[in-house]
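> Take this structure first; my questions come after.
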Amino acid sequence: MRYFVTGATGFIGKRLVKKLLERKGAVVYFLVRKGSEGKIKTLREFWGASAARVVPVTGDLTSKNLGVSNADIKLLKGQVDHVYHLAAIYDLGADAVSQIEVNVDGTRNTIELAKAIDAGHFHHVSSIAAAGLYEGVFREDMFNEAENYEHPYFMTKHESEKIVRQECKVPWSVYRPAMVVGDSSTGEMDKIDGPYYFFKLIQRMRQLLPPWLPSIGLEGGRINIVPVDFVVDALNAISHQKDITQKCYHLVDPVGYRVGDVLDIFSKAAHAPKMNLFINAALLGFIPRSVTKGLMALAPVRRVRNAIMQDLGLPEDMLTFVNYPTRFDCRDTLAALKGTGVACPNLKDYAWRLWDYWERHLDPDLHIDRSLRGTVGGKVVLVTGGSSGIGLASAHKFAEGGAITLICGRDQDKLDVACAEAAAKGYQFTAYAVDIAEPEACANFVKQITLAHGGVDFLVNNAGRSIRRAIESSYDRFHDYERTMQLNYFGSLRVTTGFLPGMVAKRRGHVVNISSIGVLTNAPRFSAYVASKAALDAWTRCASSEFADQGVTFTTINMPLVRTPMIAPTGLYNNVPTLSPEEAADMIAQACIFKPVRIATRLGITGQVLHALLPRVAQIAMNTSFRMFPDSTAAKGAKPGDKPAKSHLSAEAVALQQMMRGIHF
């Protein structure tokens, strides 16, 4: 057998050629564009065939007779038993002109060549898209009944098949594959398409939610998915049979699934939360088109929609087809495949392979430099409170990543020690002794850095003060609230607003504000500290909205309890599970790399949700913990020289500490 194949370098075509070459004595001629000859060696290696069995023919899909030379036409004339036309654009987002040029004109040119070389049979690989958005069951003997195919992809698939039916003088057959995904045995796929567009959403759900938590999915129309190996095997098996002239075959999954079922299957494959409750997308159909169009005309609505679609990697037209209404009958295909051993596998049996291959090879995040060095290398990073604790650990991490690392603090001796540590490790810090709680000193500090470094690219507002004291012990200590607010809130604002003009001018900059899990859980005994951090959180939310279109971004980290010098005076924390400064520094690094709006632990989010949904229950829980843990002797007003009071924690208190890792008690 001798074959001529267009699209032999494509995902389906490459595998079809390999399958055809398994036939004894088979020779395959394949179309290759001028300038793409470099691919031939790699293709032959993939096919495992010699130059005598796979012969490239130079041409162009958009030219008459595919641009094949008269000499090659003469060579091929009467020598080709089967022509397989697979070359096409399979992309919902491609422009209409390109799709017409390739899908429609390319099909006409291939038919002309098939006639010119007196081919024995013409096999046109179409698509179920040729049916348009037909309401109901579309049979294999139906074509003119197609409807609602105004979209360029649907229209060009329909028109190219019409050309075959009306203009092809060579015996022909049509094959309409469903949505083609990766290999059912290996998961191999060449691009993100079809259901793969929803994989990023599923991945995000897995990252945020535990797998046992029921979640809400989107129910819609029907979606038919087939693995590439089934399409190739079915095409090979049917195309060599007799009595297939002027027949159409639906290479589809006889089962078929609803969109919600497919999402649930892939969620299970990804070990993401199972979708137990579905919202039917058809419910949105009651919204008049005029209303939808009017909403999309509003800039804020359009920006939000575009941001969500871009973040999830969804093409513009994807949601248009969520309510896909067509089901496909495939009785002729099943009859033709009977006895061949070729059958479409069940999606549930190979979905995990598709997911695994996508996550290992196709996930867009794999192709983005997400390393800290790739983010901060050569950039100016300022860490306030960088002489110890979280700030110092973060500064080391940034310097190791190649950043121009600036640290500041009040104690020059501690700054000198930090710089010596950096030098011993082979890099350096630039240290500034300043109290950012002092307005004039802070203003001079900002000017100094702006002159010396041109501003900063990343600002980590880490400097802070914490006071653990019950309100009833603070009636005569109003200065606790003032000094905490002066550093934690006003100090951070002075530094941030000092550098914001420079960030806006450069249209880039990221600010990381170290907040507290206490803001989410409303931790007792930390009213001064939590209030100051809550003020910073609120300001950050306002600033994020104002600067969203100017290239400046903000991340708030609701940091759990970290073992630093700041908590050392509280002996109660000696045996409490805490994060290390290095673990906290990792969170800050992630904030700079991914630039999320917020980073918080699951425990912190749980506390916030509890306060929002069941505030009375949350208050009782916090009050119980408040009474369970004593004030320190210093908080009770002990004088210097007084012996510390012995504190014995109950078994319940110890258990609560272990369960609520990271919460301030």
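Derivation of every value follows stated rules applied to the coordinates shown; laboratory data play no part. Nothing here was measured: the structure is a model prediction, and the numbers come from that model. Please note: Cβ atoms are built from the backbone with ideal geometry, for glycine as well, and neighbour counts cover all protein chains shown.
> Quick one: which residues, 5 or more positions from Arg258 or on another chain, have an amide H under 5 Å from its amide H? H modelled 1.01 Å from N in the peptide plane, none for Pro or chain starts.
It is Ile223, by chain and number.
> Provide the net charge surrounding Ser127, with neighbours chosen by a C-beta distance below 11 Å and charges set as Lys +1, Arg +1, Asp -1, Glu -1.
Summing Lys and Arg as +1 and Asp and Glu as -1 gives +1.
> If I stretch the segment between Asp416 and Trp352 completely, what's the gain in nm (0.36 nm per residue apart, minus their alpha carbon distance), one decimal?
Answer, rounded to one decimal: 17.6 nm.
> Counting only residues 5 or more places away or on other chains, whose amide H sits under 5 Å from the amide H of Val54 once H atoms are built in the peptide plane?
Result for Val54 returns Val28.
> Quick one: of the DSSP bridges fully inside the stretch 148-262, what percent are antiparallel, nearest 5? List each step's numbers first, then the result.
Working: 2 of 10 bridges.
Around 20 percent antiparallel, to the nearest 5.
> Val255 to Lys162: extension gain in nm, 0.36 nm per residue of separation minus the Cα-Cα distance? Walk me through the numbers before you get to the answer.
Numbers: separation 93, 0.36 × 93 = 33.48 nm, distance 2.77 nm.
Going from the current span to full extension adds 30.7 nm.
> Right, next: Using a 10 Å cut-off around each Cβ, can you sort Ser394, Ser184 from fewest to most neighbouring Cβ atoms?
Ser184, Ser394
> I've got another one for you. Along the stretch 227-244, what does the Karplus equation 6.51 cos²θ - 1.76 cosθ + 1.60 (θ = phi - 60°) give for ³J(HN,Hα), rounded to whole Hz, x for Gly and Pro?
After applying 6.51 cos²θ - 1.76 cosθ + 1.60, I find x, 4, 5, 5, 4, 5, 5, 5, 4, 5, 5, 6, 5, 9, 8, 8, 6, 10 Hz.
> Determine the sum of side-chain charges near Ala591: Lys and Arg each +1, Asp and Glu each -1, restricted to other residues whose C-beta is under 12 angstrom from that of Ala591.
Once positives and negatives cancel, what remains is +2.
> List the trypsin sites (Lys or Arg not before Pro) within the stretch 152-226 that DSSP assigns to loop and that have no more than 16 neighbouring Cβ atoms inside 10 Å.
Here the trypsin sites (Lys or Arg not before Pro) that fit, given the DSSP loop and packing criteria, are Lys169, Lys191.
> Using the Karplus curve 6.51 cos²θ - 1.76 cosθ + 1.60 with θ = phi - 60°, work out ³J(HN,Hα) for each residue of the stretch 179-195 in order, rounded to whole Hz, and write x for Gly and Pro.
Going residue by residue, I get 5, 8, 10, x, 5, 6, 9, 10, x, 4, 9, 9, 7, 8, 7, x, x Hz, with x marking Gly and Pro.
> Starting from 0.36 nm per residue, how many nanometres of slack lie between Ile73 and Arg44 once their C-alpha separation is accounted for?
Once the chain is fully extended between Ile73 and Arg44, it gains 8.2 nm.
> Sorting check: for 16-27, 236-247, which peptide has the highest mean count of neighbouring beta carbons within 10 Å, and how do the rest follow?
16-27, 236-247
> Shifting gears a bit: Give the calculated FRET efficiency between Ala452 and Asp95 to the nearest 0.05, with a Förster radius of 56 Å applied to their Cβ-Cβ distance.
For R0 = 56 Å, the calculated efficiency reads 0.65.
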